[in-house]
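Have a look at the structure below, then the notes.
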Amino acid sequence: DGDPNDWIELLNTGNSAVDLEGYALSDDYANPMKWIFPQYRLEPGEHLLVWASGKDRRPAQGEMINGLIREVYLNITGSTINDLRNASKFPDAPDQRSLLNHHFEAPINIADNYGQRVRGYLKAPVTGEFIFWISSDDNGQLFLSSDENPREKQKIAEVPGWTHSRQWYKYPQQRSAPIYLEQDKLYYIETLMKEGAGGDNLAVRWQWPDGSMEEPISARHLFWQESELHTNFSIRAAG
């Protein structure tokens, strides 16, 4: 989440998998069951990192939660998506990582010379043709897969220059063609955005088959498979 939290690492040195559900971590001898693991199967030789952040997050292995993951890459000059793609830290070493759990919109006017990737899964509420729009400052691109496989993603809309926040009609490329989606099926969705200087924003909206508009897309239709575990305590500096 961009916070400098302490962490605990577990390693299974045995030859058999261990089901951690029901095991616990604690910083208090009087309360050894202070933070109890959710369902998690630790394979032989596998490492598991648990953040001692006090945020108390216990997603079960493979559990889907509402929202999209946002990865921010700082101190990258230029204003094009290629400037982001060509950066050495992209995509595996973001400077910040957080969950967008309200709607498909990143924070506005936060910095200069940075890029971001927002990704996760979309679930259509009904079957039919949907239309998507993207707004961003500066360049932005919107991708959608035919299923939940990221490798199948295709670019469906983009911002070739820049827009104000939620300015949907500046460029014809901001709007996708109608896209047929099936109810309750998961589709991988991703946006890239590169900011040079000045204002910065990123948002995505969609139009449902009945013509109704949702801007930005609500997190109730967006999902992320969270794997980070966070304890309900932080490690004390005194030990």
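Annotations
- Note on segment 1-26: residues that are open to solvent by 80 Å² or more (accessible area, probe 1.4 Å) and under 26 Å from the mean Cα position of the chain (by Cα) amount to 4.
- Residues of segment 73-87 satisfying the condition of being open to solvent by 50 Å² or more (accessible area, probe 1.4 Å), more than 18 Å from the chain's Cα centre (by Cα) and not polar (S, T, N, Q): 83
- Considering the conditions (1) of a type outside the set (A, V, I, L, M); (2) surrounded by 15 or more Cβ atoms within 10 Å (Cβ to Cβ); (3) at pLDDT below 95, residue 221 is excluded by exactly one of them, (3).
- Selection status of residue 140, open to solvent by less than 30 Å² (accessible area, probe 1.4 Å) and on the phi > 0 side of the Ramachandran plot: no
- Check on residue 131, open to solvent by less than 60 Å² (accessible area, probe 1.4 Å), in contact with a strand residue (DSSP E or B) (Cβ under 7 Å, 6 or more places away or on another chain) and over 18 Å from residue 229 (Cβ atoms): yes
- Condition check for residue 132: touching a Lys or Arg at 6+ places or on another chain (Cβ under 6 Å) and either closer than 23 Å to residue 88 by Cα or not in a loop (DSSP other than H, G, I, E, B) (or both): no
- Residue that is among the acidic types (Asp, Glu) and open to solvent by 50 Å² or more (accessible area, probe 1.4 Å), where the choices are 215, 195, 190: 215
- Qualifying position, being open to solvent by 50 Å² or more (accessible area, probe 1.4 Å), in contact (Cβ under 8 Å) with a residue 60 or more places away in the chain and basic (Lys, Arg), among 205, 236, 175, 151: 236
- Selection over segment 27-53 of residues that are closer than 12 Å to residue 230 by Cα, part of a loop (DSSP other than H, G, I, E, B) and either open to solvent by 40 Å² or more (accessible area, probe 1.4 Å) or among the charged types (D, E, K, R) (or both) gives a count of 0.
- Tallying residues that are among the hydroxyl-bearing types (Ser, Thr, Tyr) and open to solvent by 60 Å² or more (accessible area, probe 1.4 Å) within segment 88-103 yields 1.
- Selected residue (only one of 106, 124 is open to solvent by less than 20 Å² (accessible area, probe 1.4 Å), of a type outside the set (Val, Ile, Thr) and touching a His at 6+ places or on another chain (Cβ under 8 Å)): 124
- Pair list, Cβ < 8 Å and 6+ apart or interchain, from segment 18-44 residues that are under 22 Å from residue 63 (Cβ atoms) to residues that are open to solvent by less than 70 Å² (accessible area, probe 1.4 Å) and among the charged types (D, E, K, R): 24/34; 25/34; 34/27; 34/28
- Condition check for residue 69: open to solvent by less than 40 Å² (accessible area, probe 1.4 Å), under 30 Å from residue 184 (Cα atoms), touching a Lys or Arg at 6+ places or on another chain (Cβ under 8 Å) and in contact (Cβ under 8 Å) with a residue 24 or more places away in the chain: yes
- Among the residues of segment 118-129, those that are outside any loop (DSSP other than H, G, I, E, B) and out of contact with any helix residue (DSSP H, G or I) (no Cβ under 8 Å at 6 or more places or on another chain) comprise 118, 120, 121, 128, 129.
The values are calculated or read from the model by the stated rules, or taken from the named source; none is laboratory data. Every value quoted in this text rests on a predicted model; they were computed, and no experiment measured them. All Cβ positions, even for glycine, are placed from backbone atoms using ideal geometry, and neighbour counts span all protein chains on display. We work out accessible area using only protein heavy atoms, side chains counted, and drop any ligands, DNA or RNA first. Shrake-Rupley method; radii C 1.70, N 1.55, O 1.52, S 1.80 Å.
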